[in-house]
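The values are calculated or read from the model by the stated rules, or taken from the named source; none is laboratory data. A quick note: this is a predicted structure, and the numbers were derived from the prediction, not measured. Every residue, glycine among them, receives a Cβ derived from its backbone with ideal geometry; neighbour counts consider all protein chains shown.
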Amino acid sequence: MSITTSAWTETTHQVPFTAELDDRPESTPPRTLTAIIPTVGRRSLKRAVASVSRQTWPTTALVVLDRPENAASVEKLLQGLPHLLVVSPGGLGGAGARNLGVRSARTTHVAFLDDDDEWVSEKAALQMAVAGEDTVVSSRSLLVGSTSRVVPERLYHSEGDQAVPVVDYVLDRSTLRLRRHFMQTSSLLCSRDTALQVPWNQDLTRHQDWDWLARLEAAGKTLRMLPEVLVRVHQGSTGSISRSADWQASSRWLDSVGPGLSDRSRADFLTSVVARGAFASGAWNQGLRQLARGLRARPHAAAVVLAVSGMLRVGGHGS
C-alpha cells in the first residue's frame, strides 16, 4: 500500500472503570518497526524496499522522497512492493528526510536504510530482540564494490575494557581501507522516542551519521553492535540524497565535536579527511596547513598515506 501523506487515523476506546481492571498489570504495547528510507528516486530504491519486505520481523517501509517531481516515477518503480510514501517539499537532504520519516512513523521503533543499501532478512528480528527504549543497535556490514569485505573487524563496545567513545571509534583510521572500525546509517535501529529526542542535524552536509552517534552517546543512550552481518552496503553509487560536500564542511564539523575527541582521532580525521579533501580539490596551501595540524598530534600512518593520496586526485572529491 502506498500513500503520499503522513496522515494516519487513530481511534481510542473508553473502558468503564472497575476494581478488577484496576488490579490488572498494565499491558505493554506491541513493539513495531518502521524502516525509514530517504531517496531522490534512484533505481536502487527498489532493492532497498524489497529487502524490507523480506524481513522476518514485520516492518513497514516508509520511503521519504525529497524530490516531489519524481513521485509518479517512484510509485511506478515500487509497484507491487508494500510501502508508505511521504513526499517532502524538496531540498531537505538526508538528515532532514530522516527526521521527517521519524515524525511520520507510527511505530515504537525506527531503523534507517539508505536507498542504495539493503538488509538481510533477519536484521529487524535480531536487532529488535535487544533494542531497549534507550538502546541504539548497530551490526556488522558487508561492503559491496569491486571487492567485498565484512566490516568492522573490531566490534564497538560501550562498556568494559574495550569501551571507547563512539566518535573515537568511528574516526579511527589505522588502516588504509575501511575495515577495523565501521558504523553506518543503514545498520542503525532505535526507539522512535530516541530519534525524536535526538534528531539528525539538518545543517550538516557531511558526517551526519557520525554526528548523530556522538550526540546519542552524549544524551545518555547506549550503543550496541551485534556481531552478525545484517546489512549490505553498496559502495560507489551516484546521485545520493546527501548534499554535496567539501573538505571545509568536514573541518567545520570537526571543530563542532568539542574536546571529548581524543587527540589521535582528531589527527586521523584532519589528515585522512580534511587534508586529503583539500589536496583533491586543488587547495594545496590549505591541505598542507591541515596536514601539519594533524601531524602534530601523531596520526596513524595509514591516515597520513591517505592524506598524501589526495595530492594525486586534484580535481576530484575528498571522502
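Overview of values
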read-out	value
Scan of the range 260-319 for residues that are surrounded by 21 or more Cβ atoms within 10 Å (Cβ to Cβ), modelled with pLDDT of 90 or more and among the small types (Gly, Ala, Ser), ordered by number	Ser265, Ala267, Ser272, Ala275, Gly277, Ala278, Ala280, Gly287, Gly294, Ala303, Ala307
Test set (1) buried (at least 16 other Cβ atoms within 10 Å of the Cβ); (2) over 26 Å from Trp119 (Cβ atoms) - Ala214 fails condition number	(2)
Tally, over the range 179-198, of residues that are of a type in the set (Gly, Ala, Ser) and either in a loop (DSSP other than H, G, I, E, B) or within 8 Å of the chain's Cα centre (by Cα) (or both)	2
When residues of the range 152-210 are limited to those that are among the hydrophobic types (A, V, I, L, M, F, W, C) and under 15 Å from Ser139 (Cβ atoms), the one surrounded by the fewest Cβ atoms within 10 Å (Cβ to Cβ)	Leu155
So Ala249, is it crowded, with 17+ Cβ neighbours inside 10 Å and closer than 15 Å to Trp210 by Cβ	yes
Conditions (1) out of contact with any Gly (no Cβ under 8 Å at 6 or more places or on another chain); (2) assigned to a helix (DSSP H, G or I); number of the one not met by Val167	(1)
Any hit, the range 84-92, residues being under 22 Å from Arg232 (Cβ atoms), out of contact with any His (no Cβ under 8 Å at 6 or more places or on another chain) and buried (at least 18 other Cβ atoms within 10 Å of the Cβ)	no
Among (1) hydrophobic (A, V, I, L, M, F, W, C); (2) in contact with a Phe, Trp or Tyr (Cβ under 9 Å, 6 or more places away or on another chain); (3) at pLDDT below 95 - the single one Ala35 does not satisfy	(3)
Some residue of the range 186-193 being within 22 Å of Ala218 (Cβ to Cβ), without any contact (Cβ under 8 Å) to a residue 60 or more places away in the chain and not acidic (Asp, Glu)	yes
Residues of the range 216-235 satisfying the condition of being part of a loop (DSSP other than H, G, I, E, B), modelled with pLDDT of 95 or more and touching a strand residue (DSSP E or B) at 6+ places or on another chain (Cβ under 9 Å)	Lys221
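Residue by residue, here is whether (1) closer than 23 Å to Leu196 by Cα; (2) surrounded by 15 or more Cβ atoms within 10 Å (Cβ to Cβ); (3) within 17 Å of the chain's Cα centre (by Cα) holds:
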site	(1), (2), (3)
Leu45	no, yes, yes
Thr59	yes, yes, no
Gly80	no, no, no
Ser104	yes, yes, no
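Matching residues to (1) of a type outside the set (D, E, K, R); (2) at pLDDT 95 or above:
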residue: Phe17; (1), (2): yes, no
residue: Arg24; (1), (2): no, no
residue: Thr59; (1), (2): yes, yes
residue: Glu69; (1), (2): no, yes
residue: Val74; (1), (2): yes, yes
residue: Ala97; (1), (2): yes, yes
residue: Arg106; (1), (2): no, yes
residue: Ala111; (1), (2): yes, yes
